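Okay, so here's the structure we're looking at.
The values are calculated or read from the model by the stated rules, or taken from the named source; none is laboratory data. These numbers come from a predicted model, not from an experiment. Cβ placement follows ideal geometry from the backbone for every residue including glycine, while neighbour counts extend to all protein chains displayed.
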Amino acid sequence: MTNELTNLVVEVMPRFEGYVYPNEATQQPLWSILIVLYPYITGLVAGAFIMASLVRVFNVKALEPVYRLSLLTAFAFLLCAPLPLLFHLGHPERCFEVMMTPHLTSPMAIFGFVYAWYLMAVLLLELWFDYRRDFVAWSESTPGFKGLLYRLFTVGVTDVSAPAVQLDHKIGHILSVVGIPSAFLLHGYVGFIFGSVKANPWWGNVLMPIIFIMSAMVSGIALCVFNYMVLTWIRRKTVDMKCLDVMGMYLFYALVVDTAIEGLDWIHRIYSAEEGFRVIQYMAREKLFYTLSLGQVACGTLVPLILLGLLQLARRRVPELARRRMYFVGASLILMGVLAMRWNVVIGGQLFSKSLRGVMGYKMGFAGLEGWFMGAVLLCLPFVVLTVMVKLFLSEHDQK
Amino acid sequence: MKNHLSRRSVIGRLSAAVAGVLAAPVAKAAKAVAQKVLVTTDAPKDYDPTKHKWVMAIDANRCIGCGFCAEACKKENHVPEGPYFRTWVERYIITKPKPGSGAARGETLVDCPNGGINGYPEAPVPKEEIQHSFFVPKLCNLCQHSPCVQVCPVGATFDAPDGAVLIDPKYCIGCGFCIQACPYGCRFLSPVTKTAEKCTLCYHRITRGLKPACVEVCPTQARIFGDLTNAKPEDPILQFYQNNLVTALKPHLGTEPRLFYAGIDKEVR
């Protein structure tokens with residue numbers, strides 16, 4: 001029995017085909033599930049924020065029911081975004097060096113500032129100005145600890161006269177306008193972290209930041225659709241179909257652009273067939289077949305494209321219930337597909353040797369910092385934070 | 001539009017250029033001083049990095065694949081057991097083409113079991129099918145435009161003024177970005193210190209007048225080490241450049257390695 005178990009352990013040891021540099025022959029990739037989650041969560045933040053901006057900046061009235069939910073989603077996910085990055089560091093206690101003594105030619109160093117800017121100067125402020133009047137009202141009407149919390153959030157500013165509220169709106173609008181390029185910058189930078197690695201033909205790609213931004217928008221909008229539908233279901237409310245249709249429309253068009261850009265990337269790779277192309281081809285066919293061909297392309301892109309596309313063409317002919325289900329399935333598949341895309345980029349980029357002569361195998365464990373369990377916990381954490389925020393800041397009668 | 005060039009503007013531009021030229025060495029010296037004060041290295045206190053330019057070169061024609069260099073490096077630098085190497089030796093076997101295939105060459109087979117420390121297994125193809133077989137020692141390529149230095153978020157890895165690319169272990173946060181950025185696979189994340197590690201040219205030795213451990217033990221002088229600032233014409237390093245046509249690895253990446261190779265094939269990456 002013990003022998004059988006030992007044999008099992010031997011089986012999950014890394015397997016290499018061809019030649020890999022000796023330093024690459026480690027048991028698992030240097031960047032694993034934690035670094036897969038980091039761009040995924042950051043992307044959801046950027047996308048959810050863009051979703052909120054559609055209401056604030058572009059005045060899409062139909063989306064008003066999800067405005068606050070989108071902002072809170074962005075905020076909850078942004079709070080959790082640096083955690084996987086932090087956990088994967090060899091010396092997390094030195095993380096503040098990135099901010100204190102940044103090396104300005106490093107994309108990762110600049111990310112620290114972009115993140116701080118986005119969290120402190122954009123999202124937090126926008127939320128505060130949006131909620132200020134409510135905080136004042138709630139602090140007066142809510143008793144106990146919750147009331148105390150609301151009073152704390154007002155930071156002592158209790159002026160709710162008409163000019164003050166108007167100023168809030170004005171500042172909120174400006175912050176939203178500033179927030180859009182900031183959201184692009186945030187996720188573009190994440191893309192640049194990978195796109196700037198010229199040593200790796202899978203990553204080093206000028207389109208990478210744009211691909212990341214577009215997939216972020218797609219996943220963020222999909223998350224808002226998902227959250228909105230789940231929340232209304234939990235609260236036993238009816239979904240605002242007009243709002244859902246408009247979200248579905250934006251989701252579809254964002255997905256079309258995203259698919260086009262990623263397709264362009266592949267066409268360019270295949271046509272130019274540069275030095276690393278053979279190994280990339282092998283990766284796509286063999287190593288990443290399930291996550292790339294099935295997960296990202298078929299389930300994560302084509303099926304949602306067909307579902308959402310059909311709804312664009314024949315919305316009126318599809319009954320409401322079916323429409324709701326189609327949106328929900330489409331959004332969920334997109335969320336999975338973008339996660340698969342992050343996996344393909346991060347893990348895929350490390351499954352072949354930089355000698356371009358061999359490939360590595362990787363089987364993710366369950367336990368440990370880089371295992372399934374930790375990944376699932378980190379992925380659920382933003383939803384837990386969001387639940388608390390929704391409880392505090394999104395009262396049921398607010399949600400029409 | 002008339003291009004007006006006044007005397008004042010010419011004098012202004014000239015003096016700016018002169019000031020720039022004069023400021024460059026001052027800035028360089030200031031950077032060296034700052035590095036000396038702020039950065040932890042293995043050099044002795046009286047060592048002046050601005051007075052040297054260390055470099056290594058590899059004459060692959062001489063390498064016999066004994067692996068002593070890789071073993072000496074592991075011992076000298078306390079490199080952890082397992083897939084962690086600051087230097088290693090690859091074996092290349094290029095087979096003859098199949099008769100009638102119309103190809104100039106056959107397959108290229110590369111291996112490097114345990115960095116070459118314990119030798120190599122028998123060639124996977126019969127001797128008569130081998131067209132070429134040779135060994136290639138690998139180490140930090142001493143890039144002039146090091147991608148590893150460029151991407152480090154805290155500046156823990158840096159170009160020392162004497163040509164070595166070093167890591168300050170007290171500063172490295174262990175993010176692994178430099179390991180991803182190195183095209184040559186020369187870096188690893190130490191499971192002991194949880195920081196990035198790499199070949200330092202045995203900095204603790206060279207700054208005390210000794211040779212790197214790998215150079216010291218190489219029985220065939222396939223590894224040539226020298227100080228370009230203080231080299232005399234008869235020194236092995238200058239003789240190497242004089243007598244060989246050289247190449248660097250992955251030149252298309254623009255990293256401008258200072259580590260030159262003689263006697264390697266196009267298949268070496």
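The residue that is farthest from the other protein chains (Cβ to nearest Cβ), among those in region A:347-389 that are aromatic (Phe, Trp, Tyr) and more than 20 Å from A:TRP203 (Cβ to Cβ), is A:PHE383. Of the residues making up region A:235-251, not a single one is in a helix (DSSP H, G or I), surrounded by 13 or more Cβ atoms within 10 Å (Cβ to Cβ), in contact with a Ser or Thr (Cβ under 9 Å, 6 or more places away or on another chain) and of a type outside the set (Lys, Arg).
Would you confirm whether any residue within region B:70-82 is over 20 Å from the mean Cα position of the chain (by Cα), at negative phi and assigned to a helix (DSSP H, G or I)?
Keep residues of region B:70-82 that are over 20 Å from the mean Cα position of the chain (by Cα), which gives B:80-82.
Remaining after also requiring at negative phi: B:80-81.
Right, trim to assigned to a helix (DSSP H, G or I) and you get none.
So far as region B:70-82 goes, no, none of its residues is over 20 Å from the mean Cα position of the chain (by Cα), at negative phi and assigned to a helix (DSSP H, G or I).
If the requirement is being among the small types (Gly, Ala, Ser), surrounded by fewer than 17 Cβ atoms within 10 Å (Cβ to Cβ) and modelled with pLDDT of 95 or more, which of these qualifies: A:ALA273, A:ALA254, A:ALA260? Selected residue: A:ALA260, the only one of A:ALA273, A:ALA254, A:ALA260 that is among the small types (Gly, Ala, Ser), surrounded by fewer than 17 Cβ atoms within 10 Å (Cβ to Cβ) and modelled with pLDDT of 95 or more. Just to be sure before I move on: is A:VAL114 among the aliphatic types (A, V, I, L, M), within 11 Å of chain B (Cβ to nearest Cβ) and part of a helix (DSSP H, G or I) in the structure I sent? When the stated conditions are applied, A:VAL114 does not pass them.
Tally the residues that are of a type in the set (D, E, K, R) and more than 14 Å from chain A (Cβ to nearest Cβ), restricting the search to region B:84-110. Write out each step before concluding.
Keep residues of region B:84-110 that are of a type in the set (D, E, K, R), which gives B:86, B:90-91, B:96, B:98, B:105, B:107.
Filter once more, keeping what is more than 14 Å from chain A (Cβ to nearest Cβ): B:96, B:98, B:105.
Residues in region B:84-110 being of a type in the set (D, E, K, R) and more than 14 Å from chain A (Cβ to nearest Cβ): 3 in total.
Of the residues making up region B:179-194, those that are within 20 Å of the chain's Cα centre (by Cα) and either more than 7 Å from chain A (Cβ to nearest Cβ) or in a loop (DSSP other than H, G, I, E, B) (or both) are B:CYS182, B:PRO183, B:TYR184, B:GLY185, B:CYS186, B:ARG187, B:SER190. Entry remark, region B:212-265: residues being surrounded by fewer than 16 Cβ atoms within 10 Å (Cβ to Cβ), within 14 Å of another protein chain (Cβ to nearest Cβ) and charged (D, E, K, R) number 2 in total.
Is one or more of the residues making up region B:218-233 touching a Pro at 6+ places or on another chain (Cβ under 9 Å) and closer than 17 Å to B:THR40 by Cβ? No, region B:218-233 has no match at all.
On the stretch given as region B:195-206, residues that are at the interface with chain A (Cβ under 7 Å from one of its Cβ atoms) and among the basic types (Lys, Arg) total 0.
Yes or no, residue by residue, for (1) touching a residue at least 60 places away in the same chain (Cβ under 8 Å); (2) part of a helix (DSSP H, G or I); (3) among the polar types (S, T, N, Q); (4) under 30 Å from B:GLY82 (Cα atoms):
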position: B:ARG205; (1), (2), (3), (4): yes, yes, no, yes
position: B:ARG208; (1), (2), (3), (4): yes, no, no, yes
position: B:GLU216; (1), (2), (3), (4): yes, yes, no, yes
position: B:GLN221; (1), (2), (3), (4): yes, no, yes, yes
position: B:PHE225; (1), (2), (3), (4): yes, no, no, yes
position: B:ASN230; (1), (2), (3), (4): yes, no, yes, no
position: B:GLN242; (1), (2), (3), (4): no, yes, yes, no
position: B:TYR261; (1), (2), (3), (4): yes, no, no, yes
position: B:ASP265; (1), (2), (3), (4): yes, no, no, yes
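Considering only residues in region A:252-280 that are in a helix (DSSP H, G or I) and acidic (Asp, Glu), the one that is nearest to A:TYR67 (Cα to Cα) turns out to be A:ASP258. Filtering region A:371-396 to residues that are among the small types (Gly, Ala, Ser) and under 18 Å from the mean Cα position of the chain (by Cα) leaves A:GLY375, A:ALA376. Taking the criterion of being of a type in the set (Gly, Ala, Ser) and surrounded by fewer than 18 Cβ atoms within 10 Å (Cβ to Cβ), the only residue of region B:129-148 that qualifies is B:SER133.
Taking region A:68-103, which residues are within 9 Å of chain B (Cβ to nearest Cβ) and not in a helix (DSSP H, G or I)? Correct list: A:LEU89, A:GLY90, A:HIS91, A:CYS95, A:THR101, A:PRO102, A:HIS103.
Here's the yes/no breakdown for (1) in contact (Cβ under 8 Å) with a residue 40 or more places away in the chain; (2) under 30 Å from A:ALA199 (Cβ atoms):
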| site | (1), (2) |
| --- | --- |
| A:TRP233 | no, no |
| A:VAL239 | yes, no |
| A:LEU288 | yes, yes |
| A:VAL318 | no, no |
| A:ARG323 | yes, no |
| A:LEU333 | no, no |
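Of all residues in region B:161-178, those that are within 11 Å of another protein chain (Cβ to nearest Cβ), surrounded by fewer than 24 Cβ atoms within 10 Å (Cβ to Cβ) and either free of Cβ contacts under 8 Å to residues at least 12 places away in the same chain or in contact with a strand residue (DSSP E or B) (Cβ under 7 Å, 6 or more places away or on another chain) (or both) total 2. So which residues in region B:149-160 are surrounded by fewer than 24 Cβ atoms within 10 Å (Cβ to Cβ), more than 7 Å from every other protein chain (Cβ to nearest Cβ) and not hydrophobic (A, V, I, L, M, F, W, C)? Of everything in region B:149-160, just one residue is surrounded by fewer than 24 Cβ atoms within 10 Å (Cβ to Cβ), more than 7 Å from every other protein chain (Cβ to nearest Cβ) and not hydrophobic (A, V, I, L, M, F, W, C), namely B:ASP159.
Looking only at region A:123-138, decide whether some residue is part of a helix (DSSP H, G or I), acidic (Asp, Glu), surrounded by fewer than 17 Cβ atoms within 10 Å (Cβ to Cβ) and away from every other protein chain (no Cβ under 12 Å). No, the conditions are met nowhere in region A:123-138. Restricting attention to region B:111-128, report how many residues are more than 17 Å from B:ASP265 (Cβ to Cβ), more than 11 Å from every other protein chain (Cβ to nearest Cβ) and surrounded by fewer than 16 Cβ atoms within 10 Å (Cβ to Cβ). Looking only at that region, the number is 8. Restricting A:VAL197, A:VAL155 to those that are at pLDDT 95 or above and not aromatic (Phe, Trp, Tyr) reduces the list to A:VAL197.
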